[in-house]
1. Using the crude model of +1 on Lys and Arg Cβ and -1 on Asp and Glu Cβ, and no other charge, please compute the dipole size for segment A:184-251 relative to its Cα centre, in debye to 20.
2. Report the dimensions of segment A:21-60 along its three principal axes from the alpha-carbon atoms, largest first, rounded to Å.
3. Using Cα pairs closer than 8 Å and at least 6 residues apart in sequence, work out the relative contact order for segment A:70-276, in percent.
4. Can you compute the FRET efficiency between residue A:263 and residue B:257 using 1/(1 + (r/R0)^6), with r the Cβ-Cβ distance and R0 = 41 Å? Round to the nearest 0.05.
5. So, R0 is 35 Å and r is the distance between the beta-carbons of residue B:120 and residue B:91; what FRET efficiency does that work out to, to 0.05?
6. Over all residues in B:174-180, what is the mean tally of Cβ atoms on other chains that come within 10 Å of each residue's Cβ?
7. Could you work out the local net charge near residue A:194, counting Lys and Arg as +1, Asp and Glu as -1, over the other residues with Cβ closer than 11 Å to its Cβ?
8. In terms of the ratio Rg/(2.2 N^0.38 Å) built on C-alpha atoms, what value belongs to segment B:78-193?
Amino acid sequence: MVDSTAAPAKKMGKAIDLKYQPGFSQIAWLCIAVLYAPIAVLVLFSFNQNRSVTVWTEFSFDWYVKAMNNEGIRHAAWVSLEVAFIAMVIATIMATMAALVTTRTAPYRGMNMAVGVINQPLMVPEVVTAVATLIFFAIIKQLTGVSGIGYLIAAHTAFCIPFAYMPIRARLEDMDLSLEQAAADLYAPPFKVFRRVTLPLMLPGIMAGAMLAFIVSLDDVIITLFVAGPGETTLPLYILGQIRRGVTPEVNAVSTVFLGLSVILVTFIFLFGKGKK
Amino acid sequence: MPLSIVLVYSFLEPGDFGGVSWVMSFDAYVQLLFEEDIFDETLSFSTDYLEIFLRSISLGLFTTIACLLLGFPTAYFIATQPPARRNAWLFMITIPFWTNLLIRTYAMLLILRDQGVINLSLIEIGLIDRAIPILYTDFAVCLGLVYAYLPFMVLPIFASLEKLDFRLVEASYDLYATRFKVLKRIIIPLAKPGIAAGCILVLIPSLGAYITPALLGGGKSLMIGNLIELQFGQARNWPFGSAIAMVLMVIVMLSLMAYLNFGAKKRAPGHG
């Protein structure tokens, strides 16, 4: 039926669509439905006036007000933001340095291994990382006697680094080396080259990396579950505890706010990524 | 470095009050396969833990296959869209990728519950009289895993399909290939690196999944992740937990090696 050129095919009634495969678009829509339907239900019932999470009665903000006034939630949200913010700052700085070293210096022995070590948390199941972190910190705790929220922050920093590292490195690799070379030619000392040329150019990558690190830290459950001490309940841990006790629209309300925050951050990252090209 | 500590720990004995005592032993690994009789301390072969491992692996594989069946057509569909719409679709896929897994799993729980949306609407239209239990089954866990890791499959496949040269597709149609044949002989082989990457990205986190089986599987569908957490939490048997974590790592390493092997074969001459 298909002829050697498109024109005869057209003459036979319809042009053949090269890219078409039967049923694929339906499956794509199904995927979107599968990915979004549960979230839609969750958001919808956070506005339900009734206690039930499945029978709709009336629109209201009651559960949001309740969640806002809940001391536990407020504390957990504060811990989450604090940990995520500090972890983001440290992880971004370290990832930036790592990215500079792995792209701007002459390849040295073991560099591939260094990259592997940086990215290792991405390839290991999270539970294993969590176990490793827990044992590691337990030993340090035993040796030094120091305890506190520092461990939780350190753990978050550690697993945020690869997420911050990826976009920064990608940005550095895309950048034109000749600009830095030109600056050096014009007698700029290395630090000035970095501050006036390299850093401004890599800023979008750093921003994206920082936001990714922030989201990843904010979302983490498993590693926090293992490492967090008493009084260090983050928002996801709080939600997990609530879910285990039973479902309430209050959890829906908190989750919706949480989701909204993630979506806003992801949108920002997406726009940053697009602006680059 | 922390990983090697886990390795060391897995060969120690549990301390009396949690933690470990520094005695070398293989007990933790023995415990995986055998059950110690409390009276005469003889060992008998036990499949309890093995069963959890097998369940994790089979659920992981099943999830991977389901993700592939859903993800490949989706990725292909996105790759064939005009650029503006392509970006919108990618954005739609990326958002769940970065939103909180716990919250998404909770949303799934709301839907699958006995009083959840699925059951209630089925009752409403009179298809069933009483709620069919979906939650706390292997099926629910699998569904949750597919839901959680689908983006991991779509994105790498999309990345490899994006570069697909559609002149090859055109040429094969010219040579009287059917749509299915084009798919099987041209598109899928060219997308293979993406498919392999997607599979590994879905398989690894599914194997170690914790939240999904904990919320959707209840006590009945334990997976490796939950078993490890139990050992470090309630059971306070750190060496045993470490041993399980090490076995999990070995499984992950094996699948990674299979993946790398696959990549190496692809690059070998004569297969280009």
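1. Details: 5 positive and 5 negative charges, 43 e Å.
So the magnitude is around 200 debye.
2. Largest first, segment A:21-60 extends 46, 13, 12 Å along its Cα principal axes.
3. Working: 197 pairs, mean separation 73.0, N = 207.
Relative contact order of segment A:70-276: 35 percent.
4. Details: r = 37 Å, r/R0 = 0.91.
Step by step, r from the Cβ atoms, then E = 0.65.
5. Numbers: r = 32 Å, r/R0 = 0.91.
E(calc), rounded to 0.05, equals 0.65.
6. On the way: counts 5, 2, 3, 1, 2, 5, 2.
Counting other chains' Cβ atoms within 10 Å and averaging over B:174-180 gives 3.
7. Working: positive: A:104, A:192, A:195, A:196; negative: A:180.
Charge balance in the 11 Å sphere: +3.
8. Details: Rg = 19.9 Å, N = 116, 2.2 N^0.38 = 13.4 Å.
Against the compact-globule rule of thumb, the ratio is 1.48.
Read-outs throughout are calculated quantities, based only on the coordinates presented, and are distinct from any laboratory measurement. On a predicted model such as this, the values are computed, not experimentally measured, just so you know. No Cβ is skipped: glycine too gets one built from the backbone with ideal geometry, and neighbour counts run over all protein chains shown.
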